[in-house]
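Following: one structure in structure tokens, then a few remarks.
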Amino acid sequence: MDTSQLPLETSFEPYRQRRHLLIERMVNGGGGIAVIPTSAEKARNRDTHFPYRADSYFQYLTGFTEPEAVLVVVVGKAGVSSQSILFCREKNLEREIWDGFRHGPEGAREIFGFDEAHTVSEFDDKLAEMLPDQPVLWFSIGHDTGWDQRISAALNTVRGASRTGKRAPATIRDVRAELDSMRLVKDAAELATMRRVAAISTDAHIRAMRFTAPGRFEYEVEAELLHEFRRRGCEFPAYTSIVAGGANACVLHYVGNDQVLRDGDLLLIDAGGELNGYASDITRSFPVNGRFSGAQADVYQLVLEAQVAAIAAVRPSATFADPHDAALSVLVQGMIDLKLLQGSLNQAMEEESYKRFYMHRTSHWLGKDVHDAGEYKEGENWAPLTPGMVLTIEPGCYIRPADDVPEVFWNIGVRIEDDAVVTSMGCEIITAAAPKKIEDIEALMRDARGN
């Protein structure tokens with residue numbers, strides 16, 4: 001079944017449940033009040049703005065995507081009478097003519113399920129009323145200088161009224177620590193959205209493969225990706241697409257995307273769409289002319305075998321580091337077999353000589369952010385994998401020209417990346433529909449050319 005065609009989640013119940021979970025965590029941490037603002041609009045130049053995207057933490061808890069909004073969560077004693085309060089722009093029919101629809105406080109409260117809602121212009125006064133005698137202030141300290149100053153001013157206002165018996169919170173805690181832990185394990189609504197954006201993004205990669213040919217420019221291929229993302233409902237690309245032909249594939253974060261694609265080169269595409277605030281992250285590497293050369297096939301097959309080993313290592317009871325370790329063993333032995341490295345496997349691992357060709361780790365968390373929230377270690381140990389976690393699996397090999405490297409391998413850059421959901425039995429690769437076996441890639445591109 002094509003999950004990309006299923007209707008989007010329209011219930012705001014998951015957001016209410018997340019707010020209740022945050023309240024439980026706040027109760028365990030001493031109670032108090034949490035302040036979680038959304039992102040500010042940012043000017044692009046003169047009187048135009050960058051496309052607006054709500055802050056990931058704020059959106060995770062509210063589903064509300066308008067700018068100029070703040071969520072306040074107030075915990076009563078033992079969680080009794082706890083409240084979720086939204087501050088947002090007022091309803092303004094004249095501004096809606098220019099800027100589009102606004103929910104306004106009453107509409108937002110009713111639709112999104114907040115206990116209260118007020119105009120954002122009331123925030124500072126209301127916060128000064130809510131802060132006194134709260135034991136803990138939960139806030140993202142250091143995330144935004146303007147908000148740091150605003151919160152400091154509110155605290156100083158309360159401290160200035162100490163003679164009246166008001167007390168400012170004695171403790172300030174970073175609310176991101178709790179939210180990061182919550183966001184690390186996705187709920188059913190999140191996974192449904194991530195499967196859908198994965199389906200859209202895999203189709204975008206297939207479209208790009210079919211379009212690619214010698215003589216076209218990297219930006220033309222990028223346009224095919226962006227067209228498919230937007231045509232299928234993605235609000236944005238999840239990050240700036242990497243469309244890197246030939247030597248450009250050996251630059252990990254290449255985003256110039258302005259060079260001509262040459263016959264005989266590989267093309268590395270690292271791209272994914274963003275849907276309802278959730279990212280997909282896929283990389284495929286394939287020949288511009290539709291056929292791998294011998295050396296290209298050797299490197300590509302090595303990276304693919306490393307990815308297969310890494311995927312097999314993703315399961316409950318494993319740690320975040322296990323997929324990387326599995327991929328690394330395959331990659332390093334393969335580099336030795338291809339004469340890219342000298343000596344034994346143990347020697348290459350100990351000396352880290354492989355980092356000339358593979359210099360990044362194999363995985364990162366994925367969710368609302370491409371490099372998503374969540375710690376990678378618990379104390380000194382790597383974090384254990386748990387059902388509901390989502391991580392990328394992306395081994396690679398990047399070979400630049402060098403005197404001690406066979407010339408046949410020069411400027412070959414390969415990365416293969418998929419998105420894995422940890423399940424009770426192992427993992428689900430939600431981006432598997434994008435071809436990655438050599439024979440499947442060549443068959444798809446041959447079919448696209450009608451030969």
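Tabulated data for the structure shown
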read-out: Subset tally (residues that are at pLDDT 90 or above and either among the hydrophobic types (A, V, I, L, M, F, W, C) or loosely packed, with under 14 Cβ neighbours inside 10 Å (or both)) for segment 165-180; value: 7
read-out: Scope segment 51-70; condition of a type outside the set (K, R) and assigned to a loop (DSSP other than H, G, I, E, B); matching residues; value: P51, Y52, A54, D55, G63, F64, T65, E66, P67, E68, A69
read-out: Selected residue (criterion: surrounded by the most Cβ atoms within 10 Å (Cβ to Cβ)) from residues of segment 257-279 that are in contact with a Phe, Trp or Tyr (Cβ under 9 Å, 6 or more places away or on another chain) and not in a strand (DSSP E or B); value: G272
read-out: Any hit, segment 306-319, residues being at pLDDT 95 or above and under 19 Å from N411 (Cα atoms); value: no
read-out: Scope segment 104-152; condition touching a strand residue (DSSP E or B) at 6+ places or on another chain (Cβ under 6 Å), closer than 21 Å to R16 by Cβ and not in a helix (DSSP H, G or I); matching residues; value: F114, D115, E116, A117, H118, W138
read-out: Flag if A161 is in the same structural domain as T62 (by TED's automatic domain parsing), farther than 24 Å from E68 by Cβ and surrounded by 18 or more Cβ atoms within 10 Å (Cβ to Cβ); value: no
read-out: Test: residue in segment 232-247 that is touching a residue at least 60 places away in the same chain (Cβ under 8 Å), in a strand (DSSP E or B), touching a helix residue (DSSP H, G or I) at 6+ places or on another chain (Cβ under 8 Å) and of a type in the set (A, V, I, L, M); value: yes
read-out: Qualifying residue in segment 315-332 (condition: assigned to a loop (DSSP other than H, G, I, E, B), without any contact (Cβ under 8 Å) to a residue 24 or more places away in the chain and over 25 Å from L225 (Cβ atoms)); value: no
read-out: Scope segment 261-281; condition hydrophobic (A, V, I, L, M, F, W, C) and more than 12 Å from the chain's Cα centre (by Cα); matching residues; value: L261, L266, L267, L268, I269
read-out: Test: residue in segment 88-103 that is crowded, with 21+ Cβ neighbours inside 10 Å and not in a helix (DSSP H, G or I); value: yes
read-out: Out of A443, A402, sole residue that is farther than 27 Å from K355 by Cβ and either within 30 Å of the chain's Cα centre (by Cα) or aliphatic (A, V, I, L, M) (or both); value: A443
read-out: Residues (under 24 Å from the mean Cα position of the chain (by Cα) and either assigned to a helix (DSSP H, G or I) or of a type outside the set (D, E) (or both)) located in segment 35-47; value: V35, I36, P37, T38, S39, A40, K42, A43, R44
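The values are calculated or read from the model by the stated rules, or taken from the named source; none is laboratory data. Since the structure is predicted, the reported quantities are computational estimates derived from the model, not experimental observations. Counting neighbours? That spans all protein chains shown, and the Cβs are built from the backbone with ideal geometry, glycine included.
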